[in-house]
Amino acid sequence: MKNAFVTGLIMGILSGTWLFIMRSFGYTNTGNHVAPIEYLSVLIPLCGVYFGVKSYRENEMEGEISFFEALFQSFKILLIGGLIACLAGIVYVNYVDMGNDFFAFSGRLFGGLVIGVLVCVGVSAALMNKASKLS
């Protein structure tokens, strides 16, 4: 759990900071339009989950991990990082970008959740190296 907490904490802080960096460059994260630079935010959970699961596999699982073990570890990382990013998003909507409501921002949060789940499945499939029977 320590690996998931540390990796999720770093990922959540980077994701939350990304909101404020975008704002400082003049991009707003609410409304229906999407700036092309917003797609770079996908790299944060991708790198965080990849390196977190890889570290877990190498340091705690002695180099072998099954798909479901990797998926469970990646979901733990995503959950911790997502909670911190959501808290940063609430602070952002309530204090920084006060002209918009939370419902406009919640669509981006849901999109981030979908991307996070897809990243978890992809990383788990890429890093698994121990076959297991499902029968």
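The values are calculated or read from the model by the stated rules, or taken from the named source; none is laboratory data. Quick caveat: nothing in here was measured; it's all calculated off a predicted structure. No Cβ is skipped: glycine too gets one built from the backbone with ideal geometry, and neighbour counts run over all protein chains shown.
One residue stands out in segment 18-63 among those that are of a type in the set (S, T, N, Q) and not in a helix (DSSP H, G or I): the one that is farthest from Gly81 (Cα to Cα), namely Asn32.
Consider Ala85 carefully, then state whether it is farther than 14 Å from Val49 by Cα, at pLDDT 80 or above and crowded, with 19+ Cβ neighbours inside 10 Å. For Ala85, the condition - farther than 14 Å from Val49 by Cα, at pLDDT 80 or above and crowded, with 19+ Cβ neighbours inside 10 Å - is met.
Selection within segment 64-82: residues that are among the charged types (D, E, K, R) and part of a helix (DSSP H, G or I). The member of this set that is surrounded by the fewest Cβ atoms within 10 Å (Cβ to Cβ) is Glu69. For segment 103-114, the set of residues classified as modelled with pLDDT under 80 and either assigned to a loop (DSSP other than H, G, I, E, B) or farther than 14 Å from Leu19 by Cα (or both) consists of Phe103, Ala104, Gly107, listed by residue number.
Pull out all pairs, ordered by first then second residue, where Cβ-Cβ is under 7 Å, the residues are six or more apart or on different chains, the first lies in segment 55-68 and is touching a residue at least 60 places away in the same chain (Cβ under 8 Å), and the second is surrounded by 15 or more Cβ atoms within 10 Å (Cβ to Cβ) and among the polar types (S, T, N, Q). Final answer for the pair search is Phe67/Ser124.
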